[in-house]
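Here's the structure, in structure tokens; my notes come after.
Read the figures in this text as sums done on the coordinates, not as results from a lab. These numbers come from a predicted model, not from an experiment. In this analysis, Cβ positions are derived from the backbone assuming ideal geometry, glycine residues included, and neighbour counts consider all displayed protein chains.
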Amino acid sequence: MQKRVLYLHPHFTLPGGAGRHTLETGHELAQRGWDVHVASISHKDSLVSDYSALTFHALGGALPSSLLYWLALPIRLRQVHRLIETLQPDIVFSQVFPANWWGFYAKRKLRHHVKHVWMCQEPSAFIHSQRWIQALPKSPAGLGARALNRPLKAIDTTLARYVDYVFANSQFSRALTIATYSYNPRDVGICYPGVDTTRFAPDIHGRKKFFQFVACSRLTRFKNIDRVLKAFALIPRDDVTLQIIGDGEEYDSLTDLSRALGLSTRVAFRRTVSDAEMIQTLQESVGLIHAAEEEPFGLAPVEAMACGTPVIAIQGGGPAETIVHHATGYLCPDASEQSIQLGIEWIIQNSRSNESMQAACVQRAQRFTWHQSVDALEAVFFQLLSERYPANMSANNLKL
């Protein structure tokens, strides 16, 4: 009998990140015979068109960044509850905030009638991280979140009990999740995000643009792109260039900073690119710069390594688990422009040994594939189903 899983994800309006985890693992589960449904507020057809094996349910309404979303939250919770009752999935698999609240609420109402698993990319940052709280915009939603932080934290930690199993995306995130929600460690596992190595792979001709670097991220203050620009200003070489791929609220201030630092001829900003253009840029570059601090996982570094491109990242968080210092990249001790500068110079000095470093990067990336991600998911899904339907499950069905 075909098993059904319902993913709960806020929206698909930006490429990459947690949305990619949802789409890629959902696609892999569908390839393995699961009936995969995905519920979200909205989705861009351009982002989901390649995932025809998944059934998408557009819930409609305002996005979580709007005050209207929060005013209509009771309606949204009932809407998801009704969808679960209609589809009767074997597994409800909630993703990032606030979709995890949808799953928590459904589990609270339906209890033993639903098996709920949460993919915790990180504890809800704007609730539990002081850095995020201080950086909230001065919009109605941002001001409301800041003023209501204490009750939101109480609600979040209380709701988080309504789950059967939790996945974190790294050892770093797992420890943070256990500490934040006081989970029993045996109920929190790891599902590393992966990379499609059939698409993210080195250029067959091994061509590199010396010395082109690339940074791929949402342009927010937490990604520290301003420090990357300042690091480039410390290297007065016209042949050391940077491609910045991404968009966000810091876009205008970063382009202004680039001009002020005299980097206009060395730094190119590219707001949106196709997957093919992204892969080509990763293949051509001598290094990816990933300057976020305590990143829960960081998918771009793994995608870069799969393309044979070493990574400069900050020591700590997920990158410390994926990047091998002085083998597949350079781990900076902190996010200062001086530390990033040293990382850039290390890549430049070692770029001529490109073939051996490229091979090491590709080999490392092969430890993080979507196939392995879904192996981890299925092991837990089948275990939960064996507890729910013991008479219908045989030992041959359990992939533990």
Full-extension gain in nm, Ser274 to Ser52, via 0.36 nm per residue minus C-alpha separation: 78.1 nm
Given contacts defined as C-alpha pairs under 8 Å and at least six residues apart, what's the relative contact order of the chain, whole-number percent? 13 percent
Per residue of the chain, what 222 nm ellipticity follows from adding -39500 (n - 2.57) for every DSSP H run with n ≥ 4, rounded to the nearest 500? -13000 deg cm²/dmol
List the aspartates and glutamates whose Cα sits under 17 Å from the Cα of Lys115, skipping any in the same chain fewer than 8 residues away. Asp35, Glu85, Asp90, Asp164, Asp187, Glu378, Glu387
Please order Thr25, Thr86, Thr13 by the number of other Cβ within 10 Å, starting at the fewest. Thr86, Thr13, Thr25
If the cut-off is a Cα-Cα distance under 23 Å, which lysines reach Lys153, setting aside same-chain residues fewer than 8 apart in sequence? Lys107, Lys109, Lys138
Using 1/(1 + (r/R0)^6) with R0 = 22 angstrom and r between the beta carbons of Arg78 and His112, what's the FRET efficiency to the nearest 0.05? 0.65
How many percent of the alpha carbon pairs in the chain exceed a separation of 42 Å? 13 percent
Hey, got the dipole for the stretch 212-365? About the Cα centre, +1 on K and R Cβ, -1 on D and E Cβ, debye to the nearest 20? 240 debye
Whether the stretch 1-120 is rounded, prolate or oblate, judged on the alpha carbon gyration tensor where a/c under 1.5 counts as rounded: oblate
Alpha carbon centroid spacing (whole Å) that separates the stretch 18-42 from the stretch 50-78: 16 Å
What does the convex hull of the Cα atoms of the stretch 212-365 come to per residue, in Å³, rounded to a whole number? 94 Å³
Which whole-number percent gives the relative contact order of the stretch 212-365, counting Cα pairs below 8 Å spaced six or more residues apart? 24 percent
Of Ala300, Ala260, Ala99, which is the most mobile in a GNM of the chain whose springs link Cα atoms less than 10 angstrom apart? Ala260
Binned Cα-Cα distance frequencies in the stretch 30-99 - 5 Å width, integer %: 3, 13, 25, 24, 19, 11, 4, 1
